[in-house]
Structure formats: C-alpha cells, structure tokens
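Colleague: First the structure, then my questions, so here it is.
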Amino acid sequence: MAELDLIIEGGTVANAADTTQADVGIKDGRIAVLGTGLGSAARVIDASGMLVLPGGVDAHCHIEQLSSFGLMTSDDFYSGSVSAAFGGTTSFVPFAAQHKGQSLREVVREAHDRAGPKSVIDYAFHLIVSDPTEQVMGQELPALIMDGYMSFKVYMTYDMLKIDDGQMLDILALAREHGAMTMVHAENNDVINWLSGRLLAGGYDAPKYHAVSHNAVAESEASRRAIELARLVDAELLIVHVSTPEAMRAIRDARNQGLKIYGETCPQYLFLTADDMDKDGMEGAKFCCSPPPRDKDAQEAIWLGLKNGAFQVFSSDHAPYRFDASGKLSAGPNPTFKKIANGVPGLEVRMPLLFSEGVLNGKLGLNEFVALTSTNAAKLYGLYPRKGTIAVGADADIAIWDPNWKRTISQSMLHDNMDYTPYEGREITGWPRLVLSRGRVLVEDETLKAERGSGLFLEREPAPLIDKTAAPATPLDPDANFGAKLL
Ligand code: DUC
Ligand code: ZN
Ligand code: ZN
C-alpha cells in the first residue's frame with residue numbers, strides 16, 4: 001500500500017457495536033486500514049488516552065432557515081457548521097423548508113445556494129413539506145425522492161405549516177412507495193390553540209405558559225395518531241423531538257409490535273425543564289421551544305428511552321434565535337408566549353452533554369452513545385456506511401475525544417452566532433480535541449482549520465423498507481433493551 005496520509009495511533013476506537021484498541025490508517029480521505037503496526041504516514045497523531053469516535057451526524061438542525069413567521073435563524077451555514085465541528089459533529093442534515101405556495105424544487109435550489117459556499121462540514125437536506133399540492137405530490141416530491149432527497153418532515157401543528165390527517169396519509173403512502181422516510185412534528189394543533197386561547201384570555205401570557213399550552217396530551221395524542229396513520233399504510237415514520245414519557249411509550253409499543261416507527265429526542269428534554277421558562281422578566285423566552293421541556297420525571301423517562309431503545313436518534317434540534325429583536329423578541333420587548341420564536345440552540349454541545357451526563361454517569365454505554373449520536377442517523381437517512389462508522393472504506397470523519405477534559409459551558413466559548421446558551425454554567429467532562437472530516441483537520445488546538453465552503457453535499461438514495469429495520473423475531477418485553485440494536 002502506498003504510504004498512508006495519516007495514522008491515528010494508540011487510541012480506543014468505539015463504534016456502535018464494539019470498542020477496540022486499534023490504530024486508524026487514512027488515505028485519500030477514507031479509512032484505509034485498522035490494526036496495529038500500520039507503518040509510516042505523512043502525519044501520525046498520538047491518541048493515547050483518547051477515544052477515537054465516528055464524527056457525529058446531527059440529523060435535526062435548522063440552519064439559515066426561514067420560520068413560518070418569517071424569521072431567519074441566527075446561524076447560517078458557516079457559523080452553524082463551524083459550531084457543529086467544534087462539538088465533534090462532522091455531518092449534518094438541516095432542512096430545506098417549503099412554505100405555502102412555494103415549489104419544492106425552488107426550495108431545494110435555495111438550500112444549495114445557501115450551504116454550498118459556506119458549510120465546513122458535509123451536509124444533506126431533509127425537506128419540509130407544508131403544501132402538498134397536486135403538483136408537489138404528483139411530480140416534485142417523487143422526483144426529489146428519486147434524486148436522493150429521501151427524508152422529509154411534516155407538521156401536525158403550527159397554523160402555517162400543519163397538514164391534516166388525509167394529507168399525512170397521502171405523504172406516508174408516497175414515502176412508502178418511493179422508499180423515503182417521513183419525520184413528523186407530532187403535537188395536536190387544536191389542543192394547543194384551545195389552551196392558548198384560554199390562557200391569553202385570562203391574562204396568562206408570560207413565557208412559562210408556553211409549556212402549559214403545549215400540554216403533554218397534545219404531544220401524546222398526536223404521536224399515537226401519527227403512528228396509527230403509519231400503521232394503516234405500512235409506512236416508516238420517525239417522530240422527532242420527543243419530550244414526554246407517553247409519546248416515548250407510544251413509540252416503544254409500536255416498535256414492540258414490529259412497526260417501522262423510530263424516535264428522536266434532544267438535549268433540551270434531558271437537561272432543561274418547564275421551570276426554566278419561569279425566570280424573571282422575559283428570560284424564560286430563551287428556553288421556549290416546541291415541544292417544551294417538561295419536568296424531572298419526564299427527563300428520567302427520556303433517559304430510559306435512550307437506554308432501552310425507544311429512541312434511535314439523539315439530535316440537537318438546533319433552532320437558533322437570539323435574545324433580541326432579530327429572534328426571540330422580534331414581536332417587541334414583552335411578547336406573549338404565543339409570539340416568542342420557538343427553538344433553542346444546541347449543535348455544539350449535543351455530543352458533550354450526552355457523553356458527560358450519559359456515558360460518564362453510567363446512563364449509557366459508549367457504544368450506545370455512538371449509535372445515538374452518529375451511526376443510527378447515518379443508517380436511517382441514507383448516509384451509512386460512508387458516515388457513522390470507523391470502518392475500512394468509510395469517510396475518515398473522526399472525533400478524537402478526550403474523556404477527561406472538563407470545561408464549563410459558556411456562550412463565549414461556543415462558535416454559533418447566538419447570544420446565549422440554555423446550558424450556561426454546566427460543567428461538562430469529555431470534549432473532542434481534534435476533529436477530522438474526510439481525513440482533513442477541521443478543528444485542532446481549539447482552532448478552526450477548515451476552509452469556508454469545504455463541506456460536501458452528500459448524495460443519498462431512497463431505500464426500500466426492508467433495508468432499514470427488522471421486526472423482532474419473537475414478541476418482546478415492552479421494557480426490553482432492543483431498539484438501537486436492531487438498527
Ligand atoms: N420544531 C422544531 O423542529 N424545531 C424548533 C421548533 C419546532 O417547533
Ligand atoms: Zn418540530
Ligand atoms: Zn426542529
């Protein structure tokens with residue numbers, strides 16, 4: 001073999017399935033060899049005492065995206081991708097979001113124009129389908145799926161985005177036919193509007209009432225309904241940003257019945273609670289997102305769901321709106337909870353938070369951490385085995401992780417374009433020291449090494465149902481640990 005470009009020596013390599021002591025040899029941007037005594041290379045990185053992990057795949061983040069209220073996220077593809085890289089994430093899948101009246105093709109073109117010149121990490125796009133017209137369903141969406149845009153999100157809430165159950169069935173059936181993955185924001189719009197109306201009429205308009213209006217029942221009802229609709233047409237469905245134990249159980253029950261239902265949760269449901277929205281003045285607005293963080297019991301249940309396989313994917317749902325007139329306070333200095341932009345940032349701290357609290361405190365195994373933050377998302381969204389694993393032939397996307405590096409999170413150390421982090425002051429152990437994408441150094445010595453626009457668009461292919469999951473061979477105990485392993 002010609003001389004390697006790079007060897008990562010002496011580290012502990014952890015994948016979704018196993019952990020080994022191995023050196024990693026990299027050539028032309030790919031992993032060429034795993035083993036010991038790999039010989040010489042243009043550069044040798046000493047990783048002793050370090051974990052050598054697949055770079056993270058963040059499958060849910062809003063980057064340079066216009067909300068249905070017309071607000072632009074604070075991060076563009078440059079700041080967003082740089083922030084991701086510093087947190088060990090080497091690929092992300094933001095949204096190309098359709099608003100009513102827009103052509104999906106046009107939306108995709110615009111997303112490419114935004115990402116191509118800026119992203120420092122590799123990327124793909126999920127579509128957001130909010131206007132499933134005849135043209136969209138008959139022509140644009142099938143054609144885009146065949147072109148590799150094989151995942152899309154739909155909303156059951158937000159007046160300007162939501163689709164009805166009939167439209168949902170059309171979309172699920174189309175996804176099944178063409179080998180695409182439907183993701184759903186599952187909250188009951190009428191429940192939220194009904195509660196909001198009564199709260200506002202009673203003068204209850206502070207940020208904390210955001211959580212009251214987005215009651216857990218709105219989420220559990222919509223989650224169960226979405227699952228039943230998917231069952232009806234035998235389609236795959238991934239429920240995003242799950243916050244409640246009830247919705248989590250709905251996913252777990254469906255999976256135990258062999259349905260192709262998947263679940264995603266996010267840092268805000270493990271580390272924040274509704275009490276965070278009850279801070280002085282408008283401070284609580286910083287924590288308003290949908291679904292909202294719940295309570296300590298819900299946090300505990302969501303941790304268990306990560307462990308027992310109800311969830312396959314841990315994403316940031318990075319939806320960055322600054323605490324000023326460009327974002328959270330765009331409707332004025334004292335908006336009602338209804339007018340506060342929904343979303344919290346989390347791209348850079350997603351993996352460190354889960355590692356520190358999950359792996360180091362024994363809530364998750366190291367391999368489960370890798371599965372949840374990288375491998376499973378790559379599998380579900382058509383990026384595996386190019387991404388999400390340290391294996392011969394895979395892209396050399398690697399986070400060399402220092403499991404002993406302690407740092408206290410503060411906004412000033414992060415690289416996004418935000419003016420706050422909801423995780424300010426948390427002490428976190430375990431951060432990436434060096435991050436590689438296709439063998440090139442993205443981050444080293446706390447410094448960005450990558451060039452603006454050096455990330456690549458990742459081509460994907462639609463996949464037939466059978467490739468992505470397997471039904472359990474025997475009936476499973478509802479509390480058994482199985483989900484992540486089946487992927
Ligand atoms: N849904 C998301 O996916 N992100 C932010 C807010 C929301 O409603
Ligand atoms: Zn959503
Ligand atoms: Zn989101």
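Colleague: Under 9 Å by Cβ, and 6 or more places apart or on different chains, what pairs join a residue from region 285-298 that is without any contact (Cβ under 8 Å) to a residue 24 or more places away in the chain with one that is within 13 Å of ligand 3 (Cβ to nearest atom)?
Modeller: Pairs that qualify, where the first residue is without any contact (Cβ under 8 Å) to a residue 24 or more places away in the chain and the partner is within 13 Å of ligand 3 (Cβ to nearest atom): there are none.
Colleague: For region 129-163, enumerate the residues that are within 16 Å of ligand 3 (Cβ to nearest atom), hydrophobic (A, V, I, L, M, F, W, C) and buried (at least 23 other Cβ atoms within 10 Å of the Cβ).
Modeller: Across region 129-163, the qualifying residues are VAL129, PHE152, VAL154, MET156.
Colleague: Which of the residues belonging to region 253-284 are touching a residue at least 40 places away in the same chain (Cβ under 8 Å) and either within 13 Å of ligand 1 (Cβ to nearest atom) or buried (at least 24 other Cβ atoms within 10 Å of the Cβ) (or both)?
Modeller: ARG255, TYR262, GLY263, GLU264, THR265, CYS266, PRO267, GLN268, MET277
Colleague: Keeping to region 285-303, report how many residues are in a loop (DSSP other than H, G, I, E, B) and surrounded by fewer than 18 Cβ atoms within 10 Å (Cβ to Cβ).
Modeller: So the first thing to find is which residues in region 285-303 are in a loop (DSSP other than H, G, I, E, B), and the list is 288-295.
Then drop every residue that is not surrounded by fewer than 18 Cβ atoms within 10 Å (Cβ to Cβ), which leaves 295.
Adding up the residues that qualify gives 1.
Colleague: Moving on to the next point. If you go through region 299-328 one residue at a time, how many are away from ligand 2 (no atom under 16 Å from the Cβ), under 17 Å from LEU270 (Cβ atoms) and among the aromatic types (Phe, Trp, Tyr)?
Modeller: 1
Colleague: Still on this structure, please answer the following. Report yes if some residue within region 367-385 is more than 12 Å from the chain's Cα centre (by Cα), assigned to a loop (DSSP other than H, G, I, E, B), surrounded by 24 or more Cβ atoms within 10 Å (Cβ to Cβ) and among the aromatic types (Phe, Trp, Tyr); otherwise report no.
Modeller: Among the residues of region 367-385, not one is more than 12 Å from the chain's Cα centre (by Cα), assigned to a loop (DSSP other than H, G, I, E, B), surrounded by 24 or more Cβ atoms within 10 Å (Cβ to Cβ) and among the aromatic types (Phe, Trp, Tyr), which makes the answer no.
Colleague: Only one of ASP147, ASP131 is of a type outside the set (Phe, Trp, Tyr), more than 16 Å from ligand 1 (Cβ to nearest atom), within 30 Å of SER79 (Cα to Cα) and without any contact (Cβ under 8 Å) to a residue 24 or more places away in the chain; which? Talk me through it step by step, then tell me what you get.
Modeller: Numbers: ASP131 fails: without any contact (Cβ under 8 Å) to a residue 24 or more places away in the chain.
Selected residue: ASP147, the only one of ASP147, ASP131 that is of a type outside the set (Phe, Trp, Tyr), more than 16 Å from ligand 1 (Cβ to nearest atom), within 30 Å of SER79 (Cα to Cα) and without any contact (Cβ under 8 Å) to a residue 24 or more places away in the chain.
Colleague: Is it the case, given these coordinates, that GLY25 is over 30 Å from MET183 (Cβ atoms), outside any strand (DSSP E or B) and not assigned by TED's automatic domain parsing to the domain that holds ILE128? Break it down into steps so the answer makes sense when it comes.
Modeller: On the way: over 30 Å from MET183 (Cβ atoms): yes; outside any strand (DSSP E or B): no; not assigned by TED's automatic domain parsing to the domain that holds ILE128: yes.
No: the conditions fail for GLY25.
Colleague: GLY70 passes all but one of (1) in a loop (DSSP other than H, G, I, E, B); (2) touching a residue at least 24 places away in the same chain (Cβ under 8 Å); (3) not acidic (Asp, Glu); which number fails?
Modeller: Of the numbered conditions (1) in a loop (DSSP other than H, G, I, E, B); (2) touching a residue at least 24 places away in the same chain (Cβ under 8 Å); (3) not acidic (Asp, Glu), the odd one out for GLY70 is (2).
Colleague: From the residues in region 34-71 that are within 16 Å of ligand 1 (Cβ to nearest atom) and farther than 22 Å from ASP122 by Cα, which one is surrounded by the most Cβ atoms within 10 Å (Cβ to Cβ)?
Modeller: So the first thing to find is which residues in region 34-71 are within 16 Å of ligand 1 (Cβ to nearest atom), and the list is 58-71.
Next cut, farther than 22 Å from ASP122 by Cα only: 67-71.
Details: SER67: 21, SER68: 17, PHE69: 12, GLY70: 9, LEU71: 18.
Step by step, filter region 34-71, then rank; the result is SER67.
Colleague: Quick check on this structure: which one of GLN98, GLN21, GLN65, GLN102 is over 28 Å from LYS162 (Cα atoms) and at pLDDT 95 or above? Working first, answer last.
Modeller: Working: GLN98 fails: over 28 Å from LYS162 (Cα atoms); GLN65 fails: over 28 Å from LYS162 (Cα atoms); GLN102 fails: over 28 Å from LYS162 (Cα atoms).
One residue alone meets the criteria, GLN21.
Colleague: Then there is this: Hey, any hits in region 338-355 for a residue that's surrounded by 23 or more Cβ atoms within 10 Å (Cβ to Cβ), away from ligand 1 (no atom under 14 Å from the Cβ) and of a type in the set (Val, Ile, Thr)?
Modeller: Yes: one or more hits.
Colleague: Tell me which of these GLU3 doesn't satisfy, since it passes every other one: (1) more than 16 Å from ligand 2 (Cβ to nearest atom); (2) in contact with an Asp or Glu (Cβ under 9 Å, 6 or more places away or on another chain).
Modeller: All conditions pass for GLU3, except number (2).
Colleague: Could you say which residue among ALA377, ALA331, ALA341, ALA319 is away from ligand 3 (no atom under 16 Å from the Cβ) and either modelled with pLDDT of 95 or more or in the same structural domain as VAL212 (by TED's automatic domain parsing) (or both)?
Modeller: Working: ALA377 fails: away from ligand 3 (no atom under 16 Å from the Cβ); ALA341 fails: away from ligand 3 (no atom under 16 Å from the Cβ); ALA319 fails: away from ligand 3 (no atom under 16 Å from the Cβ).
Answer to the check: ALA331.
Colleague: What are the residue pairs meeting all of these: first residue in region 224-237, first residue on the phi < 0 side of the Ramachandran plot, second residue modelled with pLDDT of 95 or more and surrounded by fewer than 16 Cβ atoms within 10 Å (Cβ to Cβ), Cβ atoms under 8 Å, and 6 or more apart or on different chains?
Modeller: Qualifying pairs under 8 Å: ARG225/ASP165; LEU229/ASP165.
Colleague: Picking from GLU187, GLU110, which residue would you name as being modelled with pLDDT of 95 or more and surrounded by 18 or more Cβ atoms within 10 Å (Cβ to Cβ)? Steps first, please.
Modeller: On the way: GLU110 fails: surrounded by 18 or more Cβ atoms within 10 Å (Cβ to Cβ).
One residue alone meets the criteria, GLU187.
Colleague: Look through GLY393, GLY365 and report the one residue that is over 20 Å from VAL93 (Cβ atoms) and in the same structural domain as VAL13 (by TED's automatic domain parsing). Lay out the reasoning, then the answer.
Modeller: Details: GLY365 fails: in the same structural domain as VAL13 (by TED's automatic domain parsing).
From the options GLY393, GLY365, the qualifying one is GLY393.
The values are calculated or read from the model by the stated rules, or taken from the named source; none is laboratory data. Predicted model only: the values in this text are computed from it and were never measured. Positions of Cβ are backbone-derived with ideal geometry, glycine not excepted, and every protein chain shown enters the neighbour counts.
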